[in-house]
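**Student:** Quick one: the structure is below, and I'll ask about it shortly.
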Amino acid sequence: MATPLDTLLLRDVAAAILLFLITRYFIRSLTGKTLRPLPPGPKGWPVIGALPLLGTMPHVVLAKMAKKYGPVMYLKMGTCDMVVASTPDAARAFLKTLDLNFSNRPPNAGATHLAYNAQDMVFADYGPRWKLLRKLSNLHMLGGKALDDWSKVRTIELGHMLRAMCESSRKNEPVVVPEMLTYAMANMIGQVILSRRVFATKGSESNEFKDMVVELMTSAGFFNIGDFIPSIGWMDLQGIERGMKKLHKRFDVLLTKMMEEHMASSHERRGKPDFLDVVMANRENSEGERLSITNIKALLLNLFTAGTDTSSSIIEWSLAEMLKNPRILQRAHEEMDQVIGRNRRLEESDLSKLPYLQAICKESFRKHPSTPLNLPRVSTKACVVNGYYIPKNTRLSVNIWAIGRDPDVWKDPLSFSPERFLSEKYAKIDPRGNDFELIPFGAGRRICAGTRMGIVLVEYILGTLVHSFDWKLPNGVEELNMDEAFGLALQKAVPLSAFVRPRLAPTAYAS
């Protein structure tokens with residue numbers, strides 16, 4: 001039997017609950033919010049929310065959660081709201097239908113400490129400065145005509161790489177694939193931006209750059225507690241921001257040196273401006289937006305890091321899958337021998353005649369997207385998706401990795417089967433951002449600026465490596481490790497190392 005004290009306590013609790021509900025209703029009414037439900041999702045912990053649930057492989061955990069909670073999922077992350085889209089239709093709703101509302105990036109430690117306080121193209125707010133950075137990048141490096149203009153650079157740098165690989169073959173030494181690719185791609189980009197190779201020889205300097213790029217992509221991909229609970233951000237509980245600051249200093253020294261050397265050699269480029277010359281000469285647009293030296297350094301950081309790491313990871317995964325499935329490698333060789341022969345190297349003009357190679361690339365983009373979770377976006381205003389209320393300032397994460405492995409979209413999604421893209425059902429699916437079943441570069445206004453370049457580099461470099469060499473795992477390696485290492489870019493946990501043997505006429509490697 002309840003005592004008078006118990007009755008009073010129960011009455012007070014009931015009154016408090018009623019007052020809370022009434023207050024909540026009126027506050028929502030006054031702020032224009034409705035009582036529409038939030039998307040379903042895990043409850044999480046007090047204060048820190050769902051942060052501890054994500055573990056070391058957030059893309060995998062979020063994919064499993066989506067099977068329970070649905071294609072549009074809500075997570076309370078510290079003091080922040082986050083919504084995750086995990087199917088093509090959900091991604092389309094956010095990145096196409098509501099693209100403008102989700103065209104900005106949320107503030108985060110990576111943008112602050114690595115990207116010069118969001119002065120770059122990747123993290124800048126959607127507005128005049130971002131448009132100017134994007135326009136200059138497209139016109140003079142990343143767009144179709146610009147890519148055609150520097151095709152010769154790609155051919156020359158790939159020639160250097162092939163000859164180095166032939167030398168490794170003669171010495172019976174394995175090729176460490178990610179190191180080789182980073183060296184070649186950094187030099188390609190250096191030729192376009194600075195009119196010079198950034199690494200004259202493959203060695204400790206280029207390996208250090210590779211390590212710096214991987215560290216940047218890894219740290220920028222972390223779910224940093226300070227981003228989601230800003231009031232304790234100064235404590236840097238995970239040590240992420242300390243590492244970012246140190247890494248930023250190393251990159252800044254490198255970029256400053258590049259720009260100073262570039263300015264000192266300007267007389268050598270009269271009449272032949274490179275990308276940096278053009279950007280420096282067109283730093284202001286008609287809206288009065290002017291790029292600072294910091295903006296330009298931040299842009300170079302984007303181009304050198306994203307331009308090397310994302311494409312190289314896709315190529316590494318592709319080669320690993322072919323070494324696991326020799327039948328795929330053999331079929332690719334047969335197609336190339338029929339179209340190109342063995343007396344010359346593959347040329348970019350051959351790519352359109354190699355449907356099986358293109359299918360291999362698409363299958364790699366599907367199963368091993370270089371960016372498993374798209375760079376986060378944030379809502380400018382409240383909106384509704386699938387009947388669910390999405391508050392203003394909600395962070396959006398699209399699980400590109402989960403979409404590529406969705407059994408409702410892809411038959412046998414865990415297998416690596418390029419043949420699927422030769423079938424009528426999937427043949428027209430393209431990775432350029434219009435088919436939401438395959439969006440390795442994202443979609444909408446903030447789609448990766450290097451989408452076109454990334455596809456060209458992956459197809460051309462992978463095709464050349466496959467056509468030019470027979471590939472074999474080192475002795476004693478029977479089962480290839482295919483574990484992932486999470487970051488902004490999805491790396492192989494164990495870098496791919498393999499032996500190669502030239503399969504073309506010796507003259508094919510001469511140029």
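**Student:** Exactly one of (1) of a type in the set (A, V, I, L, M, F, W, C); (2) within 27 Å of residue 228 (Cβ to Cβ); (3) in contact (Cβ under 8 Å) with a residue 60 or more places away in the chain is unmet by residue 61. Its number?
**Tutor:** (3)
**Student:** Taking the range 478-503 only, how many residues are under 21 Å from residue 142 (Cβ atoms) and either of a type in the set (Val, Ile, Thr) or open to solvent by 30 Å² or more (accessible area, probe 1.4 Å) (or both)? Before the answer, list the steps.
**Tutor:** Here is the first cut: in the range 478-503, the ones under 21 Å from residue 142 (Cβ atoms) are 488-489.
If we keep only those that are either of a type in the set (Val, Ile, Thr) or open to solvent by 30 Å² or more (accessible area, probe 1.4 Å) (or both) too, we end up with 488.
Total satisfying the criteria: 1.
**Student:** Okay, moving on. Can you tell me how many residues in the range 471-495 are in a loop (DSSP other than H, G, I, E, B) and either without any contact (Cβ under 8 Å) to a residue 40 or more places away in the chain or over 27 Å from residue 375 (Cα atoms) (or both)?
**Tutor:** Residues meeting the conditions: 12.
**Student:** Let me ask something else. Please specify each residue of the range 318-373 satisfying the condition of being more than 27 Å from the chain's Cα centre (by Cα), in a loop (DSSP other than H, G, I, E, B) and not aliphatic (A, V, I, L, M).
**Tutor:** Residues satisfying the conditions are 341, 342, 343, 344, 345.
**Student:** Further question: Can you find a residue in the range 457-472 that is over 21 Å from residue 339 (Cβ atoms) and open to solvent by less than 40 Å² (accessible area, probe 1.4 Å)?
**Tutor:** Looking through the range 457-472, none of the residues is over 21 Å from residue 339 (Cβ atoms) and open to solvent by less than 40 Å² (accessible area, probe 1.4 Å).
**Student:** Among the residues of the range 86-129 satisfying the criterion of being charged (D, E, K, R) and part of a loop (DSSP other than H, G, I, E, B), which is surrounded by the fewest Cβ atoms within 10 Å (Cβ to Cβ)?
**Tutor:** Pass one, the range 86-129, residues charged (D, E, K, R): 89, 92, 96, 99, 105, 120, 125, 129.
Pick out the ones that are also part of a loop (DSSP other than H, G, I, E, B) and you get 99, 105, 120, 125.
Working: 99: 17, 105: 22, 120: 24, 125: 11.
Filtering the range 86-129 for residues that are charged (D, E, K, R) and part of a loop (DSSP other than H, G, I, E, B), the one surrounded by the fewest Cβ atoms within 10 Å (Cβ to Cβ) comes out as 125.
**Student:** Considering only residues that are open to solvent by 10 Å² or more (accessible area, probe 1.4 Å) and closer than 21 Å to residue 370 by Cβ, which ones fall in the range 291-300?
**Tutor:** Taking the range 291-300 as the starting set, the residues that turn out to be open to solvent by 10 Å² or more (accessible area, probe 1.4 Å) are 292-294, 297.
Those that are open to solvent by 10 Å² or more (accessible area, probe 1.4 Å) and closer than 21 Å to residue 370 by Cβ: none in the range 291-300.
**Student:** From the list 39, 46, pick out the single residue that is over 22 Å from the mean Cα position of the chain (by Cα), modelled with pLDDT of 95 or more, over 26 Å from residue 218 (Cα atoms) and not aromatic (Phe, Trp, Tyr). Quick ask: steps written out before the conclusion?
**Tutor:** Working: 46 fails: modelled with pLDDT of 95 or more.
The unique qualifying residue is 39.
**Student:** For the range 237-248, indicate whether the set of residues that are open to solvent by less than 40 Å² (accessible area, probe 1.4 Å), out of contact with any Leu (no Cβ under 6 Å at 6 or more places or on another chain) and polar (S, T, N, Q) is non-empty.
**Tutor:** No, the conditions are met nowhere in the range 237-248.
**Student:** Would you tally the residues in the range 210-225 being open to solvent by 20 Å² or more (accessible area, probe 1.4 Å) and touching a residue at least 12 places away in the same chain (Cβ under 8 Å)?
**Tutor:** So the count comes out to 7.
**Student:** Further, regarding this structure: Would the range 263-283 turn up any residue that is in contact with a strand residue (DSSP E or B) (Cβ under 9 Å, 6 or more places away or on another chain) and either in contact (Cβ under 8 Å) with a residue 12 or more places away in the chain or of a type in the set (Val, Ile, Thr) (or both)?
**Tutor:** yes
**Student:** Looking only at the range 274-312, count how many residues are outside any helix (DSSP H, G or I) and over 16 Å from residue 188 (Cα atoms).
**Tutor:** Of the residues in the range 274-312, 11 are outside any helix (DSSP H, G or I) and over 16 Å from residue 188 (Cα atoms).
Quick grid of which residues meet (1) touching a Gly at 6+ places or on another chain (Cβ under 6 Å); (2) of a type outside the set (A, V, I, L, M); (3) surrounded by fewer than 22 Cβ atoms within 10 Å (Cβ to Cβ); (4) in contact (Cβ under 8 Å) with a residue 12 or more places away in the chain:
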site	(1), (2), (3), (4)
131	no, yes, yes, yes
142	yes, no, no, yes
153	no, no, yes, yes
159	no, yes, yes, yes
168	no, yes, yes, yes
208	no, yes, yes, no
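**Student:** I'd like the full set of residues that are out of contact with any Phe, Trp or Tyr (no Cβ under 8 Å at 6 or more places or on another chain), at pLDDT 95 or above and not hydrophobic (A, V, I, L, M, F, W, C), limited to the range 340-373.
**Tutor:** 341, 342, 343, 344, 347, 349, 350, 352, 353, 355, 356
**Student:** Within the range 466-477, can one find any residue that is within 28 Å of residue 137 (Cβ to Cβ) and not aromatic (Phe, Trp, Tyr)?
**Tutor:** no
**Student:** Quick one: residue 389 ticks every box in (1) touching a Lys or Arg at 6+ places or on another chain (Cβ under 6 Å); (2) part of a loop (DSSP other than H, G, I, E, B) except a single one, so which number is it?
**Tutor:** (2)
**Student:** Restricting to the range 181-198, name every residue that is within 18 Å of residue 495 (Cβ to Cβ) and open to solvent by less than 10 Å² (accessible area, probe 1.4 Å).
**Tutor:** Across the range 181-198, the qualifying residues are 181, 182, 184, 185, 186.
The values are calculated or read from the model by the stated rules, or taken from the named source; none is laboratory data. As the structure is a computational prediction, the values presented were derived from the model and not from experiment. So basically every Cβ, Gly included, is an ideal-geometry build from the backbone, and we count neighbours across all protein chains shown. Surface areas here come from the heavy atoms of the whole protein model, side chains and all, with no ligands, DNA or RNA. Shrake-Rupley method; radii C 1.70, N 1.55, O 1.52, S 1.80 Å.
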